[in-house]
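Report on the following structure.
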Amino acid sequence: MLRVLAVDDEQPALEELLYLLRADPRVRSAEGATGATEALRRIGSAVDAGPDDPSAIDVVFLDIHMAGLTGLDVAQLLAGFAAPPLIVFVTAHEGFAVHAFDLKAVDYVLKPVRRERLAEAVRRVAEQVGDRSAPVHDTAGDQIPVELGGVIRFIPIDEIAYAEAQGDYARLHTAGGSHLVRIPLTTLEERWRSRGFVRIHRRHLVALGRIDELRLDAGSMSVRIGEAELAVSRRHTRALRDLLMRQGGR
């Protein structure tokens, strides 16, 4: 049963969000705050009181555009807490999803809030709160937000076979299709290097474990990942071959 704080400086939007949250059987309590200052005060008091205190907060449903401190500012401040509540952003603006991903948000819900979409966000929070054996933010760090039909979804990074540069965007390819995100390929390369992703070309970043074949033809190299065949540039050929040889020798 979740203890929720909803934060929005527009009273009608806050009341609607609280109404929907209180109707969800997984929510024990849902209280509202009309601004960042009030929210930080209440969260700080709840954290100091401890998780068993009646004032404890499991998750904050947080608007982004507010007078004074924004929701992103609040999330950054909460990141400095020893045991902060989880965060779900609720906003009319889809352009902040990447920043939400960096701040380890559990979910990103677009306004106007639909009951079904909010229920999915509550489900995600309940799963993380219920799993006391793992840090509450780890799962979010394993996902990336993508836009699907006007709804922000979080895709597990382990499902991504390769990423393709498209200007300042990157197209992520999975077994189920592809998703365009507003993140440069160089940024993904830095973030995902420790996850086994390697650059094989200025246009492509691939998951080593997803490579099915390495092909050599007249001095040029390519890799096959499922049905896709991707060229390996000359500058990356030797490094990729050495990586695959080391991986195969384990």
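The values are calculated or read from the model by the stated rules, or taken from the named source; none is laboratory data. Model, not experiment: these values are computed from the prediction. Using ideal geometry, Cβ is built from the backbone for each residue, glycine included, and neighbour counts are taken over all protein chains shown.
Structure values in brief
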quantity: Residue satisfying all of: in the stretch 1-20; assigned to a helix (DSSP H, G or I) and hydrophobic (A, V, I, L, M, F, W, C); nearest to the chain's Cα centre (by Cα) among these; calculated: Leu17
quantity: Output for the stretch 172-187, where each listed residue is in a strand (DSSP E or B), surrounded by 15 or more Cβ atoms within 10 Å (Cβ to Cβ) and out of contact with any helix residue (DSSP H, G or I) (no Cβ under 8 Å at 6 or more places or on another chain); calculated: Leu172, His173, His179
quantity: Only listed residue being under 17 Å from Pro84 (Cβ atoms) and in the same structural domain as Glu120 (by the TED database), chosen from Ala30, Ala49; calculated: Ala49
quantity: Any hit, the stretch 188-205, residues being modelled with pLDDT of 85 or more, buried (at least 16 other Cβ atoms within 10 Å of the Cβ) and over 28 Å from Phe154 (Cβ atoms); calculated: no
quantity: The stretch 48-78 - residue that is among the small types (Gly, Ala, Ser) and within 16 Å of Leu5 (Cα to Cα) and, of those, surrounded by the most Cβ atoms within 10 Å (Cβ to Cβ); calculated: Gly71
